[in-house]
Amino acid sequence: MRRRTMLAAAAAGMTVGGCTAAPAHPPAHPPAHPPAPARPERQPGIVTPPPGFLALVALDVTAAGPAAPLASLTDRISRVHGAGAATVTLAVGASLFDERFGLSGLRPAGLAAMPSFPSDVLDAGRCHGDLLLQVCADRAEEATTVADDLVAAAAGAVRIRWRTNGFRAENTVTPAGRPSTRNLFGFREGAGNPDPGDDALMERLVWAGGGTYQVVRLIRFAVGLWNRDPVTRQEEMIGRHRADGTPLAGGAEDADFSYAGDPDGQVTPLDAHIRRANPRTADSREHRILRRGYSYGAGADQGLIFICFQRDIEAGFATVQRRLDGETLQRYVLPFGGGYYFVPPSVAALHATVLTKG
């Protein structure tokens, strides 16, 4: 498989959304019990439980600047959330901060164009985008309708770069309460994900100030080829039992195990997917990412919409991806699209920042 030249884009500038300035003078009589700090404003669709269906739309801004489409999207997203039928998460890509709009100084420090990794065959028309809309709902029609409505609201100021729809088969939770689904290879996903309900852990692994960095990967599955292998061979490649998601290393699905007693891979092969992704060392614990995957299927073209969030893409997704290079599972998967994005604290905050500094 041909390797593409890695795209290079230096991450520079400041994070979208700044810090509130301290008051010039302290109050003359401070309260005896200062109020607890307010919970920072953050968009839904990150640590909130994933509904069963997804509509993902990447947009390029065609107007003179992003202020007009962001104004329309801010109003419409607020209405969607008020209705309560869907959640919308809006993110920005590195291209929004190129020379077109004079916003280069606002580029989030860790945001760059997604490079091509060794096993990728990327389709330029299915990658990147100035803006990314992630719409999640309990019904497929609702997710699609809301996505269509949002695009229509910004009509004339944006064009669709790429879009896709997804679903979560067996959208349940693991015994520990982590969101779980079953992918098109027949394996459960969700065990091993950091706990989205652990605020301290999310601060360490996911939140970058008030926002977070989002990675999307569109991955085609060779389902027919995969199904020719016996289940025991599939389990060796994944590192878990297919039926219930329990690790080959033993214990429950969410067991906090290590590979210290299996250094040669007699139980869990050294190239098993979960072992490569997280070798469960002290160091690898800090490289964990919060995954939020959906399957997609359109005839013979079917696979995974891999989505993850982290405070640092290089320390998170990119480090994990490099560990996976050369794993046996690569024979059955083909990453062909997606991108790197930054999710600001709110759409309104992003709009205000662009108006003020753009």
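The values are calculated or read from the model by the stated rules, or taken from the named source; none is laboratory data. Small disclaimer: the values here were computed from a predicted structure and weren't measured. Virtual Cβ from ideal backbone geometry, glycine too; neighbours counted across all protein chains shown. Heads up: the accessible areas ignore ligands, DNA and RNA and are worked out on the full protein's heavy atoms, side chains in. Shrake-Rupley method; radii C 1.70, N 1.55, O 1.52, S 1.80 Å.
If you check residue 332 against the conditions, is it over 24 Å from residue 140 (Cβ atoms), open to solvent by less than 20 Å² (accessible area, probe 1.4 Å) and either among the aromatic types (Phe, Trp, Tyr) or in contact with an Asp or Glu (Cβ under 9 Å, 6 or more places away or on another chain) (or both)? When the stated conditions are applied, residue 332 passes them. Apart from one condition, residue 194 fits all of (1) touching a strand residue (DSSP E or B) at 6+ places or on another chain (Cβ under 8 Å); (2) buried (at least 19 other Cβ atoms within 10 Å of the Cβ); (3) closer than 22 Å to residue 90 by Cβ; the exception is (3).
Results for (1) in contact with a Gly (Cβ under 8 Å, 6 or more places away or on another chain); (2) free of Cβ contacts under 8 Å to residues at least 60 places away in the same chain; (3) more than 23 Å from residue 301 (Cβ to Cβ), shown as yes or no for each residue.
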{"position": "102", "(1), (2), (3)": "yes, no, yes"}
{"position": "119", "(1), (2), (3)": "no, no, no"}
{"position": "123", "(1), (2), (3)": "yes, no, no"}
{"position": "126", "(1), (2), (3)": "yes, no, no"}
{"position": "138", "(1), (2), (3)": "yes, no, yes"}
{"position": "161", "(1), (2), (3)": "yes, no, no"}
{"position": "185", "(1), (2), (3)": "no, no, no"}
{"position": "194", "(1), (2), (3)": "no, no, yes"}
{"position": "200", "(1), (2), (3)": "no, yes, yes"}
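Pairs meeting the criteria (first residue in the range 222-241 and over 16 Å from residue 277 (Cβ atoms) and touching a residue at least 12 places away in the same chain (Cβ under 8 Å), second residue β-branched (Val, Ile, Thr) and surrounded by 15 or more Cβ atoms within 10 Å (Cβ to Cβ), beta carbons under 8 Å, at least 6 apart or on different chains) are 222/333.
Let's see how each residue does on (1) open to solvent by 30 Å² or more (accessible area, probe 1.4 Å); (2) closer than 30 Å to residue 339 by Cα:
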| site | (1), (2) |
| --- | --- |
| 221 | no, yes |
| 230 | yes, no |
| 238 | no, yes |
| 244 | yes, no |
| 268 | no, no |
| 281 | yes, yes |
| 291 | yes, yes |
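Scanning the range 302-325 for residues that are of a type outside the set (Lys, Arg) and open to solvent by 50 Å² or more (accessible area, probe 1.4 Å) returns 302, 312, 314, 325. Quick one: count up the residues across the range 246-304 that are without any contact (Cβ under 8 Å) to a residue 24 or more places away in the chain, over 23 Å from residue 204 (Cβ atoms) and of a type in the set (Val, Ile, Thr). Here the count works out to 2. Say whether the condition of being among the charged types (D, E, K, R), outside any helix (DSSP H, G or I) and closer than 20 Å to residue 226 by Cα is met by at least one residue in the range 302-324. Within the range 302-324 (the criterion being among the charged types (D, E, K, R), outside any helix (DSSP H, G or I) and closer than 20 Å to residue 226 by Cα), the answer is no, since none of the residues qualifies. As for the range 62-74, it holds at least one residue that is closer than 12 Å to residue 135 by Cβ and either in contact (Cβ under 8 Å) with a residue 60 or more places away in the chain or part of a helix (DSSP H, G or I) (or both).
Restricted to the range 128-191, the set of strands (runs of 3 or more DSSP E) holding at least 3 residues that are of a type in the set (A, V, I, L, M) and surrounded by 22 or more Cβ atoms within 10 Å (Cβ to Cβ) comprises 131-137.
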